[in-house]
Structures are given as C-alpha cells and as structure tokens.
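One structure is given below, encoded as structure tokens.
Computed from the coordinates by the stated procedures, all read-outs in this text should not be read as laboratory data. This structure is a prediction, so every number in the text was calculated from the model and none was measured. Glycine gets a Cβ as well: all are built from the backbone with ideal geometry, and neighbour counts include every protein chain shown.
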Amino acid sequence: MTIQSIATQPFDGQRPGTSGLRKKTSVFLQPMYLENFVQALLDVLNDSLAGGQALLGKTLVLGGDGRYHNSVAVQTILKIAAANGLGRILLGQDGLLSTPAASAVIRSRNVFGGIVLSASHNPGGVEGDFGIKYNAGNGGPAPESLTEAVYVRTQAITQVRISDAPDVPIDQLGIHWVERMRVEVIDSVADYAALMRSLFDFGMLRGMFAHGFSMRLDAMNAVGGIYAKAILEGELEAPHGTVVNAVPLEDFGGLHPDPNPVYAADLVAHMAGPNAPDFGAALDGDADRNMILGRNFLVTPSDSLAVLTAQARCIPAYHDGLRGVARSMPTSTAVDRVAKALGIDCYETPTGWKFFGNLLDADKVTICGEESYGAGSSHVREKDGLWAVLCWLSLQGVTGSSVETLVREHWKTYGRNYYSRHDYEGIPTDAARALMVALEEQGAAQQGKQFGPRVLTQADNFAYTDPVDGSRAAGQGIRWIFDDGSRIVFRLSGTGTQGATLRVYFEHYEADPLRQNEPTQQALADWIDLAQSLGQLRERTGMDAPTVVT
Ligand code: VG1
Ligand code: CO
C-alpha cells in the first residue's frame, strides 16, 4: 500500500447548492471529479483544525442512499481519506446510510462529521443524478461558510492524495484498515432505530398493528426501505408487505424517488382504492422526506408541520411541549398560527435544512419543516422521513382519529391554508435569471396596487439574518404578500441538475369552515392567474403550464 499524489485540474461548477454538490451521474463519472471535491473538502477541514496532522485523531461517518456509483464512490473516498491521514471512518454496511441515520450516527457517536452520498429526491442510475454532501459535528448540513470554502478550494486544486490500497469489503461488519485509517463497518440501522425507540412509545404502536391497524409505506426502492422494514415490520410487528418497494436499487427501479402526488401516484391511487389501508406514507431517495396520506386524503407538508406542532404532546419525546418551531420561507404560515396559540416562537428561514441547525443547536426550536415534504426535530439535524411517519402513527394511536379527521379538525380550529407549488423545470439558465430580475422589478412596480379584492402590500426578495450567529443570506426568494395574508413566492431551485427550475408557491388562508373544502387549484386560481399575468410566466419560460404541480 502506498500513498500517491495525483496531479489534477479544477472542474467548473463544484459549488454545493441547497443540499450538497448534486450533478448528473455522468458528470461524477469523469475521472477526478469526485476525487477533487473530496480532497478539497478534506483540505478545508484540515485547515479548520489547529496543527498539521490534525485529521489523525478525527472520525468521519460515511454512507449513502445506495444509488448507482454509491459503492464505487465509497471506496474512492476511503482511499483519499486514508491518504490524507484521517483517523477513522464509520461506514454504513454496504455503503448505506439514510440522511437522517447519518445525522443520528454523527451525534450518537459524537464524531467530527460525516459525508453522505446522495442526490436525494432526484432520479438515480447512469442517466440520473449523483451527489455528495458534508455534515458537521452537530449532525447537520455544513454551513454556507464551509461549503463556500470548499468550492473556492476546488477552483485552485492541483493534487489529490490517494492510497492504492485494495477495496474494503464494505459488506462485512467489523474493523478493516486502509493504510493507517481504521474503517469500522457498522449496522446501517441500529443507531437510528435506537433513537426512534427513545422518542416514541413503541409498545403503543405495536398494539395498534396487533389490533389490525393497516398501513402502506412506499420506500420507492430507496434506502429508506431498510429502516422502514426493520422498524415497522420488525420492531412494531406490522404485517409483512406493509413496506412496499423496500429493497434499495441502484436506479430506484426507474422510479423518481420524490414522495409527492405526481411521483408517488401509485400510492395515491392505492390509498383511494377499495383496499386502502388506514394510513399511507412515502419516503424519498435518502429517506429524509415524507408524504403522509389518509384514506383517499392527501396531507400537504405545510399542514403536516402545523398538525404535528399542535399535537406534539401526544408523543413521549415532546410531552413537555416545544421550545419553538421553524419553517422555511415558502412553507405555508399554517404553523405560525399554531405557534401563536401555543405561545412559542416561530422562525422563518431560507429554504434548506442547513438554516435550521443553529436554531436547533441553540435550543430555540424543537420541530422544523419545509413545504417540500420535509419535517424533523431536535433528535437529529436533518429532516427525517420515518420520524414524521412515526409521529403521524402516534397521533392516530393516541387520538383514535384518522389522518383526515386530524387535519379537518385542525382546519376548523386554526383555519385552512390552501397551498400549492408549481415547478417549471428545465428552463434555460439565462432565461431563468432574467425572469427572476423581471419578477423582482414587477413586484416593486405593483406594490400598493389593488388586485381584485386585495392589495399587494409587500414585494421583496427574502433575506435572512441568523439570530444565533448573525450570518446573512440574501436573495432567498421573491415574495408578493397581499393584505389578506395570501402570498405568491418565486425562487430558483438549488438542487436541480439540468437548466434551471422555477418554483412558484401559492398560499391563501381560509378561516371559514364552510369554505375549506374546495379543490386546492380552484381555491388558488386568483393567485395562479395573477402570477401568470404579472409574471408573464408563459412567455418567459416558454412553457404553457408547470411541469410538476404539488
Ligand atoms: C429542494 C426543496 C428544499 C429542500 C431541498 C433538499 O430544494 O425545495 O425545501 O430542503 O430540496 O431536499 P430546491 O433548492 O431544489 O428548492 V432533499 O430531500 O433533495 O435533500
Ligand atoms: Co432527501
């Protein structure tokens, strides 16, 4: 075994987005592409520590969502880490760790950080996407200061250090060595399952299934399957077959592992059919997202966050109440009303889980959520799909109410926030940038004007100052806010890999229980029309309609 220094040259565009560096798989397959990024990351981590050989005493967690290239990338990373003098790696068996499980391992073993290989909800396979992200010692996504430093380093990189050691048998639990670096292959599920056991009343949940409660969890052929199988069918003794698409496949069996009504249409149809179980749920590629369904009933993620916040005391971990809550800016304000009623703080952050980390670390919030099917709590520093599912299971067990009843009762108490997101995918990047400039100008020009029964009171581009460390993030999305509290928000995706994706978010509040049963798109029609006419979306995107509506 020897350590080699390989000459390399920078690649353009290795700047991490909303959640790590995410590109077409073919981009990652280029020789040195992954190598450069990993070397740059280790350089930056090394520099952040005092002293020359500082990485020697450190441990990193490593694992991924099992998509195409996962196991090859794991071997490459092990060899680069060893060559750079890292002390130890805790590797999920077969190279697998869901995003929330990686966060759990970092925290439970109290280590320096972790690398997660995932492009999350993006499709996988040779034709799909691949990704890599770094999580810090708190278990959460690296802050922008770190990802930016890594990017800067990728642009000046000249050498990669790598060992020529043989591959590690990543399927074999136990201790292996690469150079002087210890590689411990760990059970991918154990730490995470223990954490879930500590939060929920597993005895009560087991009792539900014993008494015939039925459920279907669609793991979308992604890594979440191994966690859902072990916990739902294993520990909670739900019937075999409760978890479907449970085996992680390199291409997710051709599915798009994004749990929303469009890509999880199968589950939606099943939940509307004659054999629908009591409860339905789906996870995304790296199991940090969740979709919640009742019988013939879809829960919007913003409502899910609000209901969980309102009912959190049903769950042992939150018995004593919540410190506060946080939501991303585009997420509906349903949770704000609950926070107000509970007398707790509600924070509004930019999109992406990294912005919740400081609030959680400073104990300002307990539960966080995003409109994009993500929710989580202080138990880890990532959103957590199966945690959300176990929360909803607990709510049904404790209250004896169905998913639909829980949501409808919630609307009666707090009012309903009609909510929808329209995505326009694959817009040429330049056109998308120009569109954002135009939308900002248009907002400024129309501010104070009347549109039908309402006035556009505020038009701006959201900026956030972190209340804990004072760091600032500007340009986080264009907001058009009306005097009745309704909103239209526009932002560009930071996780797409082809052209640009425009996301348009619509929200409208309805307090009157008699008007809470309209189809969502109909209830939001005024705002959808307004976004079209003022924003000229058709002309500027070249598309007649959004590509995905959720
Ligand atoms: C999207 C979502 C955002 C989420 C991010 C990562 O980002 O909108 O809410 O945090 O994906 O989720 P963007 O920039 O494309 O809108 V995951 O499950 O893909 O890591
Ligand atoms: Co994800």
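Can you give the FRET efficiency for Asp483 and Glu148, using 1/(1 + (r/R0)^6), R0 = 35 Å, r = Cβ-Cβ distance, to the nearest 0.05? All intermediate terms of the calculation are to be shown ahead of the outcome.
Details: r = 38 Å, r/R0 = 1.09.
Rounded to the nearest 0.05, the efficiency is 0.35.
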Here are some pairs, Lys23/Lys133; Lys23/Lys383; Lys24/Lys133; Lys340/Lys364; Lys364/Lys412; which of them have Cα atoms lying more than 23 Å apart in this structure?
Lys364/Lys412
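Which percent, to the nearest 5, of DSSP beta bridges fully inside segment 318-401 are antiparallel?
Numbers: 4 of 12 bridges.
Restricted to segment 318-401, the bridges split so that about 35 percent are antiparallel.
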As a percent rounded to 5, the proportion of antiparallel DSSP bridges among beta bridges in the chain is 70
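Excluding Ser471 itself, calculate the net charge of residues whose Cβ lies under 13 Å from the Cβ of Ser471, where each Lys or Arg counts +1 and each Asp or Glu counts -1. Show your work: numbers first, answer last.
Numbers: positive: Lys354, Arg472; negative: Glu144, Glu148, Asp466, Asp469.
Neighbourhood net charge equals -2.
Which value in deg cm²/dmol, rounded to the nearest 500, describes the helix-derived mean residue ellipticity at 222 nm for the chain, given -39,500 (n - 2.57) per DSSP H run of n ≥ 4 and division by the residue count? Don't jump to the answer; show the numbers that get you there.
On the way: 18 runs with 177 residues, N = 550.
Helix-only estimate at 222 nm: -9500 deg cm²/dmol.
For segment 495-550, how big is the tail of P(r) above 13 Å, as a whole percent of Cα pairs? Show your work: numbers first, answer last.
Working: 1058 of 1540 pairs.
That fraction is 69 percent.
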Calculated from backbone phi, Karplus (6.51, -1.76, 1.60) coupling profile of segment 73-82 in Hz, x at Gly/Pro:
5, 4, 4, 4, 5, 4, 6, 6, 4, 5
So how many Å³ per residue does the convex hull of the Cα atoms of segment 265-406 work out to?
99
Around Ala511, under 13 Å between beta carbons, what's the net of Lys plus Arg minus Asp minus Glu among the other residues?
+1
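Between rounded, prolate and oblate, where does segment 335-465 land on the alpha carbon gyration tensor, with a ≥ b ≥ c its root eigenvalues, rounded for a/c under 1.5, else prolate if a/b exceeds b/c?
Here segment 335-465 falls in the prolate category.
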Would you grab the residues whose amide H sits under 5 Å from the one on Cys346? Only those 5+ places off in sequence or on another chain, please, with H modelled 1.01 Å from N.
Val325
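Place the peptides 162-173, 230-241 in order of packing, highest mean first, counting for every residue the other Cβ atoms within 10 Å and averaging per peptide.
230-241, 162-173
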Computed label-point distance, nm, for sites Asp171 and Arg313 using a 7 Å Cα→Cβ extension
5.2
Return the Cα extents of segment 151-258 along principal axes one, two and three, sorted largest first, each rounded to a whole Å.
62, 32, 27
Packing-based ranking, highest mean first, of 81-92, 455-466 given that Cβ atoms within 10 Å are counted
81-92, 455-466
Packing-based order for 432-443, 372-383, using average beta carbon neighbours within 10 Å, highest first:
372-383, 432-443
What distance in nm separates the simple spin-label points at Glu440 and Ala545, each placed 7 Å from Cα in the Cβ direction?
3.2
Just grab the label-to-label distance for Asp12 and Phe451, each label 7 Å out from Cα along the Cβ direction, in nm (one decimal).
3.6
Give the relative contact order (percent, whole number) for segment 289-356; include only Cα pairs under 8 Å separated by 6+ residues.
28
With θ set to phi - 60° and the Karplus curve 6.51 cos²θ - 1.76 cosθ + 1.60, what are the ³J(HN,Hα) couplings of segment 346-360 in order, to the nearest whole Hz, using x for Gly and Pro?
10, 9, 10, 10, x, 5, x, 5, 4, 6, 7, x, 4, 5, 5
In whole Hz and in residue order, list the ³J(HN,Hα) couplings for segment 103-108 that follow from phi through the Karplus curve 6.51 cos²θ - 1.76 cosθ + 1.60, θ = phi - 60°; x for Gly and Pro.
4, 5, 5, 4, 6, 5
Other-chain or far-sequence residues with amide H under 5 Å of Gly374's (modelled H):
Asn290
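Find the Cα radius of gyration of segment 3-188, compare it with 2.2 N^0.38 Å by division, and give the number to two decimals.
Numbers: Rg = 14.8 Å, N = 186, 2.2 N^0.38 = 16.0 Å.
That works out to 0.92 for segment 3-188.
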Averaged over every viewing direction, what's the projected area of the C-alpha convex hull for segment 405-550? Give it in nm², one decimal, please.
10.6
Could you compute Rg(Cα) / (2.2 N^0.38 Å) for the chain, with N its residue count?
0.95
If R₀ is 30 angstrom, what is the calculated FRET efficiency for the pair Met204 and Asn275, using the beta carbon separation as r and rounding to 0.05?
0.70
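Which FRET efficiency value, to the nearest 0.05, do you get for Val262 and Gln498 by plugging their Cβ-Cβ distance into 1/(1 + (r/R0)^6) with R0 = 22 Å? Write out the running numbers ahead of the final one.
Values: r = 17 Å, r/R0 = 0.78.
It comes to 0.80.
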